[in-house]
Amino acid sequence: MQNKDDINQKLASMVANMAPQEGFTASALDYVHFMRSNQAFSRTPVMYEPCICIIVQGRKRAYLGDAMFVYDARQYLVVSAPMPFEADTEATPDQPLLGIHVGIQQTLAAELALAVEESQLAQPASTDATAAFMYATRVDDTLADAALRLLQALASPLEAKILAPAIVREIYFRILMGEQGAAMRAALSQGSHFQKITRALRKIHEGFSDKLDVDSLARESGMSLPSFHLHFKQVTSTTPIQYIKAMRLHKARLLMIRSGMNAYTASNTVGYESSSQFSREFKRLFGRSPLEEVRQMRTALYMHGSA
């Protein structure tokens, strides 16, 4: 195995070449993207899909409730369910933030989590609710080596097709067996309250434009309403209603920035019946009106995350 400093230098060099422009750059795998930011971003509301975020240069901080997670070349971030939080970025034109964004394929990750648990080689799953859905932990030598091999495979169309998916599977395994892998396994375990809340989050994520009823979400999760509220708040640091609102507002922002929708059309698309209510809640969350936000983000390039 190569020296870790050498691996870090190679990772940064390869990501810099694969992500020449700011923002997210697609790879040959549709669930792996490269990240680049040439400028700093202050604490901003964001929403991440389930993902593993490996920063190879620069630094980011995530804020969820009272918790803060730092992820950089020494620590990676894991988000096990669609999660709204706040983030900032440390970067300059001379030292841009560079990273690898690996989406978590839930079925594959859950199968691996079950195999790891059944092996009796891993530590018992965590009982810390927040940690199960988001955590930052040390990048060890095996994970850094796997990340480098993933980039090398993605540089070749044939290797990207044949080898890269197997390397992603290895990365999942390394994380499930890592220092805080029990937290991710808890989120993926069938029957746990983490998994029940995850079902509700997916329902919201997939049907954000529908009329979503908290009572129905609780029933579909197999939980009483008080228990659902309690565990939902534990793992997301917010209430179901606030989570639904944040999901819709983030979706609307992306539609306006990426698809050129106006605020009225975007608000209708994500399920708002009142455009004035949408504008008020949008400004409350993002600190700017929809028009001001779109202008700012198109100028600065939307970098922090995607829905």
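One table, with the values for the structure above:
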item	result
Sulfur and carbon atoms: percent of accessible area, the chain [1.4 Å]	50
Rounded to the nearest 20 debye, dipole of segment 213-305 from Cβ charges on Lys, Arg, Asp, Glu	380
Ellipticity estimate at 222 nm from DSSP helix runs (n ≥ 4, -39,500 (n - 2.57)) divided over the chain, nearest 500	-15500 deg cm²/dmol
Ranked order, Arg280, Arg288 - accessible area, probe 1.4 Å, largest first	Arg280, Arg288
Mean Cα-pair separation over length for segment 1-105, i.e. relative contact order, pairs under 8 Å, 6 or more apart, %	34
³J(HN,Hα), Karplus 6.51/-1.76/1.60, whole Hz, each residue of segment 112-119, x for Gly, Pro	5, 4, 5, 4, 5, 4, 6, 5
Theoretical gain in end-to-end length, Glu86 to Gln152 [0.36 nm per residue, Cα-Cα removed]	20.6 nm
Residues Ile162 and Gln296, FRET efficiency given R0 of 30 Å [Cβ-Cβ distance, rounded to 0.05]	0.10
Theoretical gain in end-to-end length, Ser209 to Leu230 [0.36 nm per residue, Cα-Cα removed]	5.1 nm
Charge tally in the Cβ shell below 13 Å around Arg199, where Lys, Arg are +1 and Asp, Glu are -1, Arg199 excluded	+2
Links that overshoot a 19 Å alpha carbon limit, given the list Lys245/Lys283; Lys211/Lys245; Lys60/Lys245; Lys203/Lys251	Lys60/Lys245
Gain in span if fully extended, Asp66 to Arg219, counting 0.36 nm per residue against the direct Cα distance	52.2 nm
24 Å Cα-Cα reach of Lys161 towards lysines, excluding residues that sit fewer than 8 places from it in its own chain	Lys10
19 Å Cα-Cα reach of Lys196 towards lysines, excluding residues that sit fewer than 8 places from it in its own chain	Lys233
Probe 1.4 Å, accessible area per residue of segment 128-229, Å²	43
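The values are calculated or read from the model by the stated rules, or taken from the named source; none is laboratory data. Everything quoted here is computed from the prediction, not taken from an experiment. A quick note on method: Cβ atoms are made from the backbone with ideal geometry, for glycine too, and the neighbour counts reach across all protein chains shown. Ligands, DNA and RNA are stripped out before the accessible areas are found, and what is left, the full protein with its side chains, is counted by its heavy atoms. Shrake-Rupley method; radii C 1.70, N 1.55, O 1.52, S 1.80 Å.
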